[in-house]
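Following: one structure in structure tokens, then a few remarks.
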Ligand code: NA7
């Protein structure tokens, strides 16, 4: 692997560098965008806050971090050579291998020479007269480009709740997405994990066996379902490599870019025995089939949902020895699948270990962090390490944490104070030439990421090519198109089971954040069709100048 710091282009805080396009973020989307920009013959620089490529797979190096997507549906699909060269070792690959993969891609396509690492973009301002964007890094360095493309991901702005006394803790503490690169010695230590989302579920399962004592601080139990991971044997590997065209054809057709898709039947079309048998079958399969391959009305009909929710609750009860602990782990306050379903590999059994304690924060909330640990309303839990698995300021957070100013100096954060307003989740009116890959309201938000990322990047690339061919230098979403798209996105969410649940899909996990749908719930296929239609109509809804 190349040493990123050696190849990082030099900067000069005094001079302003100029490019055709600036990309923020060297994760899955930023890297692919760079490849495509080069093909267009544009000069581009990628600014990456981390010390290496990978985005999610660079930052989230906590023990247990891995795909919930089948590995062979996650890798880039644009290069047949890459597909044939790369051997995924597990059906659901872990972070170390995923990071190696992204580095392999960066090396193979010689991407590092256009990436500046450890470059934290703090502001971006549109200059109207010159029609360019100027970005500023935290060290004061500046750069300009006609186009600004954000590739910042939807789960990169970490959220640590403002617990009182948080600074006073004498031990080690960190957020899961800022897990140190150096090995963290947890053996024998008293460790506390706050949060029980998808991240915590992976982490807890991995570290419970190693730590001296583990205290899990749970506010809301989740419906966790078995991942059923395993190694990929050579025969399967050969089969996968021979079937990539079919795999990607399938992921283009499903509602969320996975190989799984909803069963067109209703739970009520079958007998109770057939239903139970089908639930068991889904449960026995790897991956997200239990969620995204279930009967179609599981996600739209309360009674249908409840049938599967109770099935999952019973699965949890079967696995936890102490019935009191089991009931604490059983979710009742939200419906199945209305929050991201964590996939697990032995999570519930960890609570049968003598060194693992579940603290139910609904019974005894956290009052403060103390120098010695976590004080809840009924005890002080003394800890050597506190791990915040408390999630992210999702989707909008990575954008609004950068001071982005459009026409008239208007701030994007202010514009989105009551919820995001976008056209296709790719632009926001008043911010010309700013293109947001996987932005709020974009079909990629509820998708097997790389599948929709490729769609986003290819659409943006085609748009830039079109602009060049027609002599356009400025693209801006019209107010009307934004109004219509934002209305459509909100309508799709209104009245759904998802909208009844306080989740990060609606920004409900962040105190003070306006509750509004951040995702596009119409499905990846419909989103792709809409984007294609807009392009075919000469970028209808965008003003090109
Ligand atoms: P999530 O899914 O947002 O989970 C965060 C967890 O942290 C969740 O259990 C929260 O409880 C808990 N939390 C958040 N704030 C608090 C406070 N103030 N007190 C106690 N507990 C708190 O983040 P993840 O990192 O697990 O997963 C994010 C995505 O990454 C996931 O959806 C996948 O797509 C990959 P709550 O449920 O809010 O009661």
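A few notes on this one:
- The set of residues from the stretch 399-415 being out of contact with any strand residue (DSSP E or B) (no Cβ under 8 Å at 6 or more places or on another chain) and either more than 17 Å from residue 437 (Cα to Cα) or within 13 Å of the ligand (Cβ to nearest atom) (or both) comprises 408, 410, 414, 415.
- Residue under evaluation residue 253, criteria (1) within 16 Å of the ligand (Cβ to nearest atom); (2) touching a helix residue (DSSP H, G or I) at 6+ places or on another chain (Cβ under 7 Å), criterion not met: (1)
- Restricting attention to the stretch 359-372 and to residues that are in a strand (DSSP E or B) and over 21 Å from residue 204 (Cα atoms), the residue that is farthest from the ligand (Cβ to nearest atom) turns out to be 370.
- Count of the stretch 321-345 residues which are away from the ligand (no atom under 15 Å from the Cβ) and either under 27 Å from residue 188 (Cβ atoms) or modelled with pLDDT under 95 (or both): 4
- Just one of (1) under 29 Å from residue 520 (Cα atoms); (2) in contact with a helix residue (DSSP H, G or I) (Cβ under 7 Å, 6 or more places away or on another chain); (3) surrounded by fewer than 19 Cβ atoms within 10 Å (Cβ to Cβ) fails for residue 203. It is (3).
- Lone qualifier among 409, 430 - being surrounded by fewer than 23 Cβ atoms within 10 Å (Cβ to Cβ) and out of contact with any helix residue (DSSP H, G or I) (no Cβ under 8 Å at 6 or more places or on another chain): 409
- Any hit, the stretch 528-543, residues being within 16 Å of the ligand (Cβ to nearest atom) and in contact with a helix residue (DSSP H, G or I) (Cβ under 6 Å, 6 or more places away or on another chain): no
- For residue 348, the conditions (1) more than 12 Å from the ligand (Cβ to nearest atom); (2) surrounded by fewer than 17 Cβ atoms within 10 Å (Cβ to Cβ); (3) under 29 Å from the mean Cα position of the chain (by Cα) are fulfilled apart from (2).
- Whichever residue in the stretch 138-155 is touching a residue at least 40 places away in the same chain (Cβ under 8 Å) and assigned to a loop (DSSP other than H, G, I, E, B) and, among such residues, is surrounded by the most Cβ atoms within 10 Å (Cβ to Cβ): 151
- Restricting the stretch 156-192 to residues that are in contact with a helix residue (DSSP H, G or I) (Cβ under 7 Å, 6 or more places away or on another chain) and in a loop (DSSP other than H, G, I, E, B), the residue that is farthest from the ligand (Cβ to nearest atom): 186
- Pair list, Cβ under 7 Å, 6 or more apart: the stretch 354-366 residue touching a residue at least 40 places away in the same chain (Cβ under 8 Å) and closer than 11 Å to residue 220 by Cα, other residue in a loop (DSSP other than H, G, I, E, B) and within 13 Å of the ligand (Cβ to nearest atom): 361/219; 362/219
- Among (1) in contact (Cβ under 8 Å) with a residue 60 or more places away in the chain; (2) crowded, with 19+ Cβ neighbours inside 10 Å; (3) closer than 30 Å to residue 466 by Cα, the one test that residue 54 misses: (1)
- Test result for residue 300, within 16 Å of the ligand (Cβ to nearest atom) and touching a residue at least 12 places away in the same chain (Cβ under 8 Å): no
- Hits in the stretch 499-524 (condition: in contact with a helix residue (DSSP H, G or I) (Cβ under 6 Å, 6 or more places away or on another chain) and farther than 16 Å from residue 420 by Cβ): 524
- Screening the stretch 1-110 for helices (runs of 4 or more DSSP H) wholly inside it with 3 or more residues that are modelled with pLDDT of 95 or more and within 30 Å of residue 207 (Cα to Cα) returns the ranges 56-59, 71-74, 95-108.
- Checked against (1) surrounded by fewer than 21 Cβ atoms within 10 Å (Cβ to Cβ); (2) in a loop (DSSP other than H, G, I, E, B), residue 375 passes all but a single condition, namely (2).
The values are calculated or read from the model by the stated rules, or taken from the named source; none is laboratory data. Keep in mind that what you see is a predicted model, and the values were worked out from it rather than measured. Backbone-built Cβ (ideal geometry, glycine too); neighbour counts: all protein chains shown.
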